[in-house]
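As structure tokens, the structure follows; a few thoughts come after it.
Taken together, the values in this text are just the output of simple stated rules run on the coordinates, not laboratory data. The model shown is predicted, which means the values in this text are computed figures rather than measured ones. Don't worry about glycine lacking a Cβ; one is built from the backbone with ideal geometry, like all the others, and counts go over all protein chains shown.
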Amino acid sequence: MSFVVRVAATKGVLLRLREQLGFIQKGKEILKMKREQLAGEINRLLAEVKARGELEKEIMEAYDHLKKAHSTLGYQNLRSMALTVGQIDLSGLTYSVMGVVVPELRIEKEADISNVASGVAYEAAEKLSPLLEKIIRLGESEAKIERLVDEFMSTNRKVNALEQIVIPSIASTIRYIEGRLYEEMLEEFIRTKHVREAIRRRRA
Amino acid sequence: MKIFPLRSPELIYIVTRAHGLRTHLLKPEDVSALIKAPNLSTIVEALLKGDYAQDVSAIPSEKINAISLTEVFYKKLAGRFYFIVKVTGRSLRKFFEDYAKRLEVENIKRILRVKHGKETIIEEELIPIPREYTTVNFPAMIGAKDLDESVGLLKATMYAPVMDKMDLYKRYNTTLIFEGVLESIYFKKLWKDIEELPEKKDIKDIIGQEMDLKNIILALGLKAKNLPAELIEASLITLYYKLNKTVISSIAQERPESTFPILMGTYYAKYFQGLREIVEKNLTSEIEHAISNSLFNEHLKIMREKSLGLVFVPAYLSLCEFEARNMTTIVTGKQLGLSEEKLRGILFL
């Protein structure tokens, strides 16, 4: 579907529209490139997120160890042991992927589980602690995907709008002006011929 | 004809009382029935018919859960410990009073861990110890603003040496140091009391074995954590019965594959027979459970074989402790949906 914009059919307008069309087509190509880059990045991140199923299995396995520790020690004792675990330190940064600001989490200090006194609680902590990093990385990838997909869809809409509406409409406006200018030129040619014929007849 | 030495009336009295009290403990078939219970309500119903009835019935029905039941089990455990203290004659009382201090040690450990984590703890999370039997001001320790202040409150108690470890704690930022010192203080005090007891050989055997095995488990656990040698040494119990410092140090420092032969060369070899694989893999929780289970059965054996000796009483107290741990495991496991098979694997049977 295209719309013909009714504009003054002049050579000036035609030149301006041709310039505009060239600029929009370049823009479209750049947006297409951006879309491809975003798609590539999303695909890469999707591969990371696919590990979620495996991670969930690992978490359930770690929970089994935690259940064992909880049952063996009781809540009160396990809680006191859990409080000896050195807390994990995280810092949040952002960086840009094709103009999209995405989050990045950096683990400054890992959880220190060496203070856990009981063997069964230590074992549970040993299973859970490496999973924390994986959970953080997964969350980070999911947040990145969310933002990149938003941008991808917006870029896709822009490319489609340019391809389906803006470019065809400018092209048809150009065609219309070209037609009008051609007609005007023919009219002018015939009028000139008539005038010349009339002058020639008057002289004769 | 075998001649029995003349025994003091108070010794005979306490042993007789312990025999009577033993009948209040849950029997293996009771434990089996509880393991098979489909849910917590069934367990509560069963508990309402036994020794726990009074305390369990005092819990409002909406507050019945593994946490409140665990509080009941440990309240009962403290009650059993201090009942023995109460009915013991003067010459034996000191030992049982100090034996019961293991509950005090456990409470101090919990408070210090919580203070280390900069969190809060309420008195209900501790094992209830009657005021007259403790020199530690637990409410003040709980209310202390930080770990320094909490440790400072131990100054006037037998646990004062914990304060000397503050520098080491600050250097390594671990409460394991305090835990090692507390255990050492506890066992040293108990060891001193044993010297005053009649039939001290049997008592030394039961306490000494527990102490040594605890130390071995501690050493194996510390090895798994790759801690510096100074820290490992500070976190161990510094009293030995059938072991010595060199053996414990080598257990803590040798590679897991070399640990098993060392253990088999000790007095405690019988406890480690059949544990080669888990020792070589250094699966501390499994070692801990296997050893505790052997100790549980050893104490049952002592109760059968030395039923007239004073050693029957600490063996009974040890069984009380195992019962509290088993009951905690059963109710918590049931609440968490652990299968019967998994529960059996972590109980002392």
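Students often get this wrong, so check it: of A:26/A:144; B:188/B:306; B:76/B:223, which have C-alpha atoms separated by over 30 Å?
Correct reply: B:76/B:223.
Could you give P(r) for the stretch A:1-132, binned at 10 Å from zero, as whole percent values over all Cα-Cα pairs?
It works out to 10, 22, 19, 15, 11, 8, 8, 6, 2, in whole percents.
For a quick protection proxy, order the peptides A:141-150, A:52-61, B:336-345 by their average other-Cβ count within 10 Å, most packed first.
My ranking of the peptides, most packed first, is A:141-150, B:336-345, A:52-61.
Restricting to DSSP H runs of at least four residues, report the calculated mean residue ellipticity at 222 nm for the protein assembly as shown, -39500 (n - 2.57) per run over all residues, nearest 500 deg cm²/dmol.
Value at 222 nm, helices only: -23000 deg cm²/dmol.
Report ³J(HN,Hα) in whole Hz for each residue of the stretch B:311-317, in order, from the Karplus equation J = 6.51 cos²θ - 1.76 cosθ + 1.60 where θ = phi - 60°; Gly and Pro get x.
For the stretch B:311-317, the Karplus curve yields 4, 4, 5, x, 5, 5, 4 Hz.
Measuring from centroid to centroid over Cα atoms, what is the spacing of the stretch A:85-111 and the stretch B:129-170 in Å?
39 Å
What number in nm² do you get for the stretch A:140-182 if you take the convex hull of its Cα atoms and divide its surface by four?
Over all viewing directions, the stretch A:140-182 projects a mean Cα-hull area of 2.8 nm².
What residues from the stretch A:125-150 fall in the zone where the backbone N is under 18 Å from a label point 7 Å along the Cα-to-C-beta line of residue A:44?
A:137-150
What is the distance, in nm, between label points placed 7 Å from the Cα along the Cα-to-Cβ direction at residue A:131 and at residue B:267?
Rounded to a tenth, the inter-label distance reads 4.2 nm.
Would you mind classifying chain B by shape? Square roots of the alpha carbon gyration tensor eigenvalues, ordered a ≥ b ≥ c; an a/c under 1.5 is rounded, otherwise it is prolate if a/b is larger than b/c and oblate if not.
rounded
Taking R0 as 22 Å, what FRET efficiency do you get between residue B:238 and residue B:134 from their Cβ-Cβ distance, rounded to the nearest 0.05?
Plugging the Cβ-Cβ distance into 1/(1 + (r/R0)^6) gives 0.40.
Zone of residue B:145 (label point 7 Å along Cα→Cβ, backbone N under 13 Å): which residues in the stretch B:101-134?
No residues fall inside that zone.
For residue A:161 paired with residue B:123, estimate the spin-label separation in nm (one decimal), with each label point 7 Å from Cα along the Cα-to-Cβ line.
So the two model labels end up 6.9 nm from each other.
Please average, across the residues of A:111-124, the number of beta carbons from any other chain that are within 10 Å of each residue's own beta carbon, and give a whole number.
Average per residue, whole number: 6.
Name the aspartates and glutamates eligible as straight-distance cross-link partners of residue B:334: C-alpha to C-alpha under 19 Å, and not fewer than 8 places from it in the same chain.
Qualifying aspartates and glutamates at Cα under 19 Å: A:61, A:64, B:29, B:30, B:45, B:62, B:71, B:323.
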